[in-house]
1. Just name one of Ala155, Ser241, Val144: the one whose Cα is farthest towards the positive end of the charge dipole of region 121-241 (beta-carbon charges, Lys/Arg +1, Asp/Glu -1).
2. Report the Cα centroid-to-centroid distance between region 102-149 and region 198-241 in angstrom, as an integer.
3. May I ask for the net charge around Ser241, where only other residues with Cβ less than 14 Å from the Cβ of Ser241 are counted and Lys, Arg are +1 while Asp, Glu are -1?
4. Distance in nm between label sites at Ala155 and Glu210, each 7 Å beyond Cα in the beta-carbon direction?
5. Take each of the peptides 109-119, 18-28, average the number of other beta-carbon atoms within 10 Å over its residues, and list them starting from the highest.
6. Choose one answer from Pro212, Pro139, Pro202: the residue with the largest mean-square fluctuation in a GNM of the chain with alpha-carbon springs under 10 Å.
7. Taking a virtual spin label 7 Å from the Cα of Asn21 along the C-beta vector, which residues in region 36-54 bring their backbone nitrogen under 19 Å of it?
8. Between helix 79-88 and the chain, what is the angle of the helix's C-alpha long axis to the longest principal axis, kept within 0 to 90° and rounded to the nearest 10?
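Just so it is clear, none of the values below were taken in a lab; they were calculated from the coordinates. Because the structure is a prediction, the values reported are computed rather than measured. Every residue, glycine as well, gets a Cβ built from its backbone with ideal geometry; the counts of neighbours run over all protein chains shown.
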Amino acid sequence: MQIVSLTDRPDLAGSFGEIPNNWPAFMQQSPVAARCFGPLLRNFPELQFLILDSNGTPIGRLHAVPIPWQGADALPDRGWDAAMEGALGLAEPTPAVSLIEAMIDPAHNGRGLSSQLLQAVRERASGLGYRHLVGPVRPSQKSVEPRTPMAEYVARRRPDGLPADAWLRVHVRLGADIVRICPLSMIIPGTVEQWRSWTGLPFAASGEVEVPGALTPVHVDRDHDHVVYVEPNVWMHHRLS
């Protein structure tokens, strides 16, 4: 296995989108991502990473971007959206970089690759001079219970004191602190028809609707032909040496 950045292997730029993933279709409809993702990948190739297997085939990816920094306590409620927009508008050097996405080909889950990838990115970011690695983290099992408040979910611990959620646990094992919830991390609006096409659900009545893969219920307003998903995430903070 090898972990490379887009600076190391610019020839692999087209491979990021070819890695199989299990993201719900609606999660790929963020208007902030549509506006910011392309420019950020081009502007910060040193923070875009791939895991290659022994044959050189990409089997995982991680995206990160530099963000404005005023301390962990000032990390914004708008989490993921704010990180993307902040990176695009960054006008001066910063000591902080934010994770945007970490994803492993589902065929390779269970091998500890996400932990290896995150550790490698910690080391790379430190080598580039960053002192803080943060991320609006998406807890991996939260979608199983979308009506549980995020704060209650995040507070759960195993007998050994580590977070009950697997992805939060990976971060904590590598030294990260849980800072706080970012309640407005990613906002995905659309019409009723758009959301039907993304999910296959009818959205026949106004109200809160549970959608497979969503961390919280989606709000449906039939009178105004408007559906919106507001995803909360969890700000986590790795202090880099």
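1. Result: Ser241, furthest along the dipole toward the positive end.
2. Region 102-149 and region 198-241 have Cα centres separated by 21 Å.
3. Local net charge: +3.
4. 2.2 nm
5. The peptides rank, most packed first, as 109-119, 18-28.
6. The residue that fluctuates most here is Pro202.
7. Zone members listed by number: 36-53.
8. Helix 79-88 and the main axis of the chain meet at about 50 degrees.
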